[in-house]
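Engineer: What follows is a structure written as structure tokens; I'll ask about it next.
Bear in mind these aren't lab numbers, they're just calculated from the coordinates by the rules spelled out. Predicted model only: the values in this text are computed from it and were never measured. Positions of Cβ are generated from backbone atoms using ideal geometry, with glycine treated the same way; all protein chains shown enter the neighbour counts.
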């Protein structure tokens with residue numbers, strides 16, 4: 001567990017590459033916060049769906065990380081909106097005790 005005691009925050013961590021990074025960090029001992037927007041209309045069009053919920057995907061990934069014995073949380077945040085970024089970082093620090101890694 002090379003990352004024991006470290007806290008990571010991953011934006012876009014509910015699916016794809018972000019999800020893979022989140023699970024890898026958790027396997028190495030990091031506690032992880034995942035930030036996702038709730039609805040991604042452009043991505044939904046790509047997959048032929050009305051909407052895709054990034055937040056729901058993040059919540060599912062959080063459950064996988066908790067099953068590995070890690071502390072994890074899902075946060076709804078749009079990184080293009082500054083107050084949401086501030087809240088995202090603040091909640092990560094408050095709930096997981098710090099911030100060491102940002103992806």
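Engineer: Indicate the gyration tensor shape class of the chain (rounded, prolate or oblate), computed on the Cα atoms with a ≥ b ≥ c the square roots of the eigenvalues: a/c under 1.5 is rounded; otherwise a/b larger than b/c is prolate and the rest oblate.
Structural biologist: It is oblate, given that a/c is not under 1.5 and a/b is not larger than b/c.
Engineer: Continuing with the same structure: Using mean Cβ contacts within 10 Å as the protection proxy, how do 7-14, 18-25 order, highest first?
Structural biologist: Output ranking for 7-14, 18-25: 7-14, 18-25.
Engineer: So, in Å, what gap is there between the alpha-carbon centers of region 71-103 and region 1-25?
Structural biologist: 13 Å
Engineer: Tell me the relative contact order for the chain as a rounded percent, counting alpha carbon contacts under 8 Å between residues six or more apart.
Structural biologist: Across the chain, relative contact order equals 32 percent.
Engineer: Report, in deg cm²/dmol and to the nearest 500, the calculated mean residue ellipticity at 222 nm for the chain, where each DSSP H run with n ≥ 4 adds -39500 (n - 2.57) and the sum is divided by the residue count. Don't skip to the end; give the middle numbers.
Structural biologist: Details: 4 runs with 48 residues, N = 103.
For the chain, the value works out to -14500 deg cm²/dmol.
Engineer: Work out, step by step, the length gained on full extension between residue 93 and residue 63: first 0.36 nm times the residue separation, then minus their alpha carbon distance; give nm to one decimal. Don't skip to the answer; put the middle values down first.
Structural biologist: Details: separation 30, 0.36 × 30 = 10.80 nm, distance 1.96 nm.
Computed gain between residue 93 and residue 63 is 8.8 nm.
Engineer: Sticking with the crude label model, points 7 Å out along Cα→Cβ, report the distance from residue 27 to residue 86 in nm, one decimal please.
Structural biologist: So the two model labels end up 3.8 nm from each other.
Engineer: For a quick protection proxy, order the peptides 70-83, 88-101 by their average other-Cβ count within 10 Å, most packed first.
Structural biologist: On the way: 70-83: 17.1, 88-101: 15.1.
With the highest mean Cβ count within 10 Å placed first, the list reads 70-83, 88-101.
Engineer: To continue, here is another question. With the crude spin-label approximation of a point 7 Å out along Cα→Cβ, what separation in nm comes out for residue 102 versus residue 56?
Structural biologist: 3.0 nm
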